[in-house]
Amino acid sequence: MRKIKYKKGRKLQHITLEYTGTHKEHQTEMQLFVYNDSDVIEYDKFTVLALNTCIDYNKNNWLNIHGLNNIDLLKTVGVHFKLDDFLLADILNTSKRTKLEEQENVLFFNIKSLLPSGYSDNISVEQISFILKDGVLISFQEKRSDFFTHIRERLRTHAGIVRTKKVDYLLYLLLDAVIENFYITIEDEEEKIEELINLTKKGADPIILEKIENHRDNFNFLKRSIVPLRDSLYYLKTIKDDEDYNLIQKETFSFFIRLHQKSLELLEQIESDMSSLESASNFYFSEQSRKMNEIMKTLTIISAIFIPLTFIVGVYGMNFDYMPELRERNGYFIVMAGMFLLVIALIIYFKKRRWF
C-alpha cells in the first residue's frame, strides 16, 4: 500500500464509527494480559463478555485488539471502559495524523507504523492507537502483526522490569517498538538510495529519476509522520512536573523523554538522507549534461572536419571553363589526396588540443 497524503483518506464526521483503512479482510480479535510482579495470566481470542471477569484492576491489564472491522465489538469495548465516541472515531479513521489527546483520566495516543513493502519502493502503513486508563492499556491494531511479539515474551518470561512497572511503562515499550519500525524503514530507504547513486554513475536511464522522486515522496511522508509524533512526545515531556497528572508515573517520564530524543534523531537522519537523495538527483542531471556535451563535442569535431572538405568540393563544383585544375589528368586524385591529408592534419591538431 502506498500512502503519501493523509487527506487521501475518506473524510467522515467526527463521531462516525466506520473503519476507513485497507485491512478489511482481518477479523477482529482480542488478547488480554493481566500481570504484576508475581504472575501473569494470558487470555487469547476471548469475547467482550469475559471483560467483566478477566479484567483485574488490582493488577496491570493490557488489552490488545487487532482487526477493526467489528464496529459493534468496539462499541461494546467503548461502553465497558466508558470511552468517548470521539476516541473510537479517531481509532477507526486511519486518515488521521499522529496525535496525543487527554480526557478525564484517559490518555489517547495514535501513531503510524511504517515498514518497507516487500521488494517494491512503497511503504506499508498501519495505524496503531493506544488508550491508557485506570491501570488498563488498550492497543488497537488494524491487523495481526509481530510488532509486539518480543514484549509479550518479556511479560511471559518476566524478562526485564516490565512486570514490576505500571502500564504506562508498557505504553513506552509499545511506542518504542513502533518507533523502531521507522528506523527499519529509513535503513531500507538508505540502501535503495545507495543503489540509485551507483546506477547514476553507470548511466542516465530516465527510470532512475522516477525512482529518485518516489523515494523523495517516501521521505516526505516519513517526515510528516514523525513531526506530529515528536510534538506529542514533547508535550508529555513538558507535563512532567504537573502534580495533577497521574496517568504516567513520575519515574516513567524519563523513558518518554528518550522517545522524544529518538524522534529528533529520526528527523535529523531523514534530513541527511534527503540531502543524499538531492545529490543523487543532481548527479543524474550532471551526468546527462556531460553525455550531451560529449555528443555535441563529437558532432562539432565532425562538422569542423567536413567544413574545409565541403569548401574544396564546392570550389571545384563550379565548372568554370578557365579553371586549369579541371584539365589536369590526375587532378581528381591530387584533390582527393589533399582532402585526405587535410583530414589527417585536422585530427592530429584536435588530438593535440585534447578536444577528444
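Observations on the model:
- Condition broken by Gly317, with the remaining ones in (1) open to solvent by 70 Å² or more (accessible area, probe 1.4 Å); (2) part of a loop (DSSP other than H, G, I, E, B) satisfied: (1)
- Residues satisfying the stated conditions in the stretch 320-349, i.e. surrounded by 13 or more Cβ atoms within 10 Å (Cβ to Cβ) and outside any loop (DSSP other than H, G, I, E, B): Leu326, Gly331, Val335, Met339, Leu342, Val343, Leu346, Ile347
- Selection within the stretch 29-55 - part of a loop (DSSP other than H, G, I, E, B) and either among the hydrophobic types (A, V, I, L, M, F, W, C) or open to solvent by less than 20 Å² (accessible area, probe 1.4 Å) (or both): Phe46, Ile55
- Among the candidates Arg152, Arg144, Arg156, residue that is in a helix (DSSP H, G or I) and in contact with a strand residue (DSSP E or B) (Cβ under 7 Å, 6 or more places away or on another chain): Arg156
- Verdict on Ile184 being closer than 22 Å to Gln261 by Cα, buried (at least 21 other Cβ atoms within 10 Å of the Cβ) and among the β-branched types (Val, Ile, Thr): no
- When each of Glu153, Glu180 is tested for being within 30 Å of Ser275 (Cβ to Cβ) and charged (D, E, K, R), the lone residue that passes is Glu180.
- When Ile193, Ile197, Ile131 are checked against the criterion of being under 19 Å from Thr98 (Cα atoms) and in contact (Cβ under 8 Å) with a residue 40 or more places away in the chain, a single residue qualifies: Ile131.
- Residue identified as open to solvent by less than 50 Å² (accessible area, probe 1.4 Å), in contact (Cβ under 8 Å) with a residue 24 or more places away in the chain and closer than 30 Å to Glu287 by Cα among Ile248, Ile179, Ile212: Ile212
- Of the residues making up the stretch 280-304, those that are more than 25 Å from Asn198 (Cα to Cα) and among the β-branched types (Val, Ile, Thr) are Thr298, Thr300, Ile301, Ile302.
- Of the candidates Val40, Val48, the single residue that is among the hydrophobic types (A, V, I, L, M, F, W, C) and farther than 28 Å from Ala159 by Cβ is Val48.
- Failed item, numbered, when Thr98 is tested on (1) closer than 15 Å to Ser129 by Cα; (2) touching a Ser or Thr at 6+ places or on another chain (Cβ under 8 Å); (3) open to solvent by 20 Å² or more (accessible area, probe 1.4 Å); (4) not charged (D, E, K, R): (3)
- Residue check, Leu115 open to solvent by 40 Å² or more (accessible area, probe 1.4 Å), at pLDDT below 90 and either of a type outside the set (Phe, Trp, Tyr) or on the phi > 0 side of the Ramachandran plot (or both): yes
- Residue that is surrounded by the fewest Cβ atoms within 10 Å (Cβ to Cβ) [pool: residues in the stretch 159-176 that are of a type in the set (A, V, I, L, M) and part of a loop (DSSP other than H, G, I, E, B)]: Ile161
- In the stretch 9-28, residue modelled with the highest pLDDT [restricted to those that are open to solvent by less than 60 Å² (accessible area, probe 1.4 Å) and β-branched (Val, Ile, Thr)]: Thr28
- Taken together, Asn110, Asn58 contain a single residue that is crowded, with 21+ Cβ neighbours inside 10 Å and of a type outside the set (Phe, Trp, Tyr), which is Asn110.
- For the residues Ser145, Ser139, the requirement of being of a type in the set (Gly, Ala, Ser), in contact (Cβ under 8 Å) with a residue 24 or more places away in the chain and open to solvent by less than 10 Å² (accessible area, probe 1.4 Å) singles out Ser139.
- Scoring Asp273 on the criteria (1) in contact with a helix residue (DSSP H, G or I) (Cβ under 9 Å, 6 or more places away or on another chain); (2) open to solvent by 70 Å² or more (accessible area, probe 1.4 Å); (3) within 15 Å of Leu196 (Cβ to Cβ); (4) not hydrophobic (A, V, I, L, M, F, W, C) leaves a single failure, condition (2).
- Check on Gln127, of a type outside the set (D, E, K, R), over 22 Å from Leu51 (Cα atoms) and open to solvent by 50 Å² or more (accessible area, probe 1.4 Å): no
- Some residue of the stretch 296-313 being open to solvent by 80 Å² or more (accessible area, probe 1.4 Å) and outside any helix (DSSP H, G or I): no
The values are calculated or read from the model by the stated rules, or taken from the named source; none is laboratory data. What you are looking at is a predicted structure, and each value in this text was computed from that prediction instead of being measured. Positions of Cβ are backbone-derived with ideal geometry, glycine not excepted, and every protein chain shown enters the neighbour counts. Quick note on the areas: whole protein, heavy atoms, side chains included, nothing else; ligands and nucleic acids left out. Shrake-Rupley method; radii C 1.70, N 1.55, O 1.52, S 1.80 Å.
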